[in-house]
1. Kindly list the residues of region 19-38 that lie in the label zone of residue 59, defined by a backbone N under 16 Å from the point 7 Å along the Cα-to-C-beta vector.
2. List the residues, sorted by chain then number, that are 5 or more residues from residue 65 or on another chain and whose placed amide H is less than 5 Å from its amide H.
3. In the chain, if the dipole is taken from +1 on Lys/Arg beta carbons and -1 on Asp/Glu beta carbons about the Cα centre, which of 55, 104, 73 is farthest to the positive end?
4. Could you check the spin-label model distance between residue 47 and residue 11? Points 7 Å from the Cα along Cα→Cβ, value in nm.
5. Using only the Cα atoms of region 1-98, what are the Rg and Dmax in Å?
6. What length, rounded to one decimal in nm, is gained on full extension from residue 164 through to residue 4, with 0.36 nm per residue of separation minus their alpha-carbon distance?
7. Place a +1 charge on the Cβ of each Lys and Arg in the chain and a -1 charge on the Cβ of each Asp and Glu, then give the dipole magnitude about the Cα centre in debye, rounded to the nearest 20.
8. What percentage of the solvent-accessible surface of the chain, computed with a 1.4 Å probe over protein heavy atoms, is contributed by carbon and sulfur atoms?
Amino acid sequence: MIHDDTISAVATALGDGGIGIIRISGNKAIEIANNIFRGINGKKAEDIKTHQVSYGHIIADGEILDEVILIIMKAPNTYTREDVVEIHCHGGSLTVKHILDLTLRQGARLAEPGEFTKRAFLNGRIDLSRAEAVMDLIHSKNEFAMETSLKQLKGSLSEKIRSLRKEIVHSVAFIESA
């Protein structure tokens, strides 16, 4: 992994809604979750198996801040290929902000826009065309744009580039041998 810091950000649209998601990625993601989460069954974040959901509370200064669902995803089988934690909380703007601030106080830093995808690219999880497709998909304004972005995300452009590269290398080798 390229980064040794941990980032955190709100992963859902800003504003009030039913659910808000705070995503944490990096080497301290599970440690941060461990410090602020208490499962109903007494489980700590470090006790949760990877890619499983656990129900509990976010605790701040000894008080329950919100009732949440926590998902632990251990590297390398994550979007960023780093340890990732998702906190699914109630979607009120104030609740989401308090939980995000809590993760920042625990040692994460606020992620820059697109930084989770940037880390996925830098850690070799996706190539550049797929990273661009993620942004295109997010900003799609019509069905055609969405479908094109999804094809690119699935690797259609990457595959075409690989195919052309293979053909060019073969041609160059043929020219050199002749």
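The values are calculated or read from the model by the stated rules, or taken from the named source; none is laboratory data. In this text, all values refer to a predicted model and were calculated from it rather than measured experimentally. Heads up, the Cβs are rebuilt from the backbone with ideal geometry, glycines too, and the neighbour counts pull from every protein chain shown. SASA here: full protein model, heavy atoms, side chains in, ligands and nucleic acids out. Shrake-Rupley method; radii C 1.70, N 1.55, O 1.52, S 1.80 Å.
1. Answer for this model: 31-38.
2. So residue 65 has HN proximity to 58, 59, 60.
3. 73
4. 2.4
5. 12.8, 36
6. 54.0 nm
7. Charge dipole, the chain, about its Cα centre: 460 debye, nearest 20.
8. With neighbouring chains kept in place, the figure for the chain is 57 percent.
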